[in-house]
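Chemist: So that we are looking at the same thing, I have put the structure below in structure tokens.
What follows draws every value from the coordinates through simple rules; no lab data is involved. Keep in mind it's a predicted model, so treat the numbers as computed, not measured. Glycine also receives a Cβ, built like all others from the backbone with ideal geometry; neighbour counts cover every protein chain displayed.
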């Protein structure tokens, strides 16, 4: 388990799947968290994907359930982990009722600490919709800086939107005490 100031990041268990599916299947959550088209998945499909994933060795990603006061509120993880170049990307999905309360920011900071302290990463990066001020602001507060803009990179709600490339480097990171 990874313990943040407000949240705990822990392995996702099979019994978490119905609640996690409910949280991240919310259409608005799926739209802003997806890098492709939002295609509804049944709970059975979600569970089958989880079961299939268990049979694979994944040293290129690390996913966690986000818990607040014992309640599962979302998921967060590192993916595209490259242990040679010491870079990875971060992603997060939180139930809509928990947006704007600082839980995501704490989860991101906790994951960044994990990436630098335990995985020896040098850079943690992400793509975020440029027109999502809540997410962009949360990432900035967590220490991420904008490195660039990818124009019309995402198809969202019937139009192309820009995405920002943001990252935090090990040398710019301040560990929590």
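Chemist: Which residue, 167, 115, 62, has the most motion in a Gaussian network model of the chain that connects Cα atoms within less than 10 Å?
Modeler: In the Gaussian network model the winner is 62.
Chemist: Here's something else I'd like to know. Restricting to the stretch 2-124, compute how many DSSP beta bridges are antiparallel as a %, nearest 5.
Modeler: In the stretch 2-124, approximately 90 percent of DSSP beta bridges are antiparallel ones.
Chemist: Now for a separate question. Sum -39500 (n - 2.57) across every DSSP H segment of at least 4 residues in the chain, then divide by the residue count to get the 222 nm mean residue ellipticity, nearest 500.
Modeler: Taking each H run of at least 4 residues, the total per residue is -8500 deg cm²/dmol.
Chemist: To check my understanding: the extent here is largest minus smallest coordinate of the Cα atoms along each principal axis. What are those three numbers for the stretch 2-124, in Å, largest first?
Modeler: 37, 33, 26
Chemist: What relative contact order, as a whole-number percentage, does the chain give when Cα pairs under 8 Å and 6 or more residues apart are counted?
Modeler: Relative contact order here is 20 percent.
Chemist: Further question on the same structure: Can you give me the Cα centroid spacing of the stretch 89-141 and the stretch 1-19 in angstrom?
Modeler: A separation of 15 Å, based on Cα centres.
Chemist: Applying 1/(1 + (r/R0)^6) with R0 = 22 Å to the Cβ-Cβ distance of residue 55 and residue 147, what FRET efficiency is obtained, to the nearest 0.05?
Modeler: For R0 = 22 Å, the calculated efficiency reads 0.05.
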